[in-house]
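Right, one structure below, let's go through it.
The values are calculated or read from the model by the stated rules, or taken from the named source; none is laboratory data. Being a predicted model, the structure only gives us computed values, none of them experimental. Cβ atoms come from the backbone with ideal geometry, glycine included; neighbour counts cover every protein chain shown.
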Amino acid sequence: MIINPGAVLKTSLERFPWPLALTVSGLAFLLFFLQTGLDLGRAGHTDNNHITVFAFTGLLYGTLGIALLGAAAWLLTRPFHQPARGLGWAVRAFCLGYSAALIYGVLGLGANLLLGWNTAVAFGVTGVLWALGPMTGTIKEMIADKPWVAVAVATLCGGVVLFGWAWLGGLAT
């Protein structure tokens, strides 16, 4: 999904079990939210208990939240759907689209813990932004040759993800 999302979407997505897809996005957001909590803790805005809760909130956000976002995108594009792309396909594609965010999350957590850097924005947000490419490709694959729909829905979905993170981050402080 990182290097050639189009090929995965067209040929092998059906072979990925949905629990594996949810695990990718769940772990990506767990690491993203953990980095956010660690950054907030380092700045004196939260304690270890809140950091733990925040990390598990990320896990929930990355599994249930991204699955629901994929379902919402599927519904929004329904008038433009190609018949072969079902709801399960869309949810798996959305979740697997966060594989780059998972890699950024691992690297960011390492930089956070080993180097003492604040990494939520530099690594976490960057990883989430990398997911916009596969997300746009997923939406393009769901619709019948209407790129403006794909860009509009991907922009809306990307905004929901980032604003949701910011809102939940505000709750942690």
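Some points to look at:
- Looking across region 35-56, the residues that are of a type in the set (Gly, Ala, Ser) and touching a residue at least 12 places away in the same chain (Cβ under 8 Å) come down to 37, 43, 55.
- Residues that are touching a residue at least 12 places away in the same chain (Cβ under 8 Å) and not β-branched (Val, Ile, Thr), drawn from region 157-168: 157, 158, 162, 164, 165, 168
- Of all residues in region 15-34, those that are in contact (Cβ under 8 Å) with a residue 40 or more places away in the chain and of a type in the set (Ser, Thr, Tyr) have Cβ atoms under 9 Å from Cβ atoms of residues that are in a loop (DSSP other than H, G, I, E, B) and buried (at least 24 other Cβ atoms within 10 Å of the Cβ), 6 or more apart or on another chain, in 25/97; 25/98; 25/131.
- Hits in region 117-136 (condition: free of Cβ contacts under 8 Å to residues at least 60 places away in the same chain, of a type outside the set (A, V, I, L, M) and part of a helix (DSSP H, G or I)): 126, 136
- Residue match in region 118-135 (condition: over 15 Å from residue 35 (Cβ atoms) and in contact with a Cys (Cβ under 8 Å, 6 or more places away or on another chain)): yes
- Residue count for region 102-112, restricted to those that are more than 24 Å from residue 20 (Cα to Cα) and in contact (Cβ under 8 Å) with a residue 40 or more places away in the chain: 1.
- Test: residue in region 137-147 that is touching a residue at least 24 places away in the same chain (Cβ under 8 Å), touching a strand residue (DSSP E or B) at 6+ places or on another chain (Cβ under 9 Å) and surrounded by 15 or more Cβ atoms within 10 Å (Cβ to Cβ): yes
- Only a single item in (1) out of contact with any strand residue (DSSP E or B) (no Cβ under 8 Å at 6 or more places or on another chain); (2) loosely packed, with under 15 Cβ neighbours inside 10 Å; (3) under 30 Å from residue 146 (Cβ atoms); (4) modelled with pLDDT under 95 is not met by residue 68, and it is number (4).
- In region 98-116, residue nearest to the chain's Cα centre (by Cα) [restricted to those that are crowded, with 17+ Cβ neighbours inside 10 Å and of a type in the set (A, V, I, L, M, F, W, C)]: 101
- Members of region 26-69 found to be assigned to a loop (DSSP other than H, G, I, E, B) and either within 18 Å of residue 91 (Cβ to Cβ) or of a type in the set (D, E, K, R) (or both), listed by number: 47
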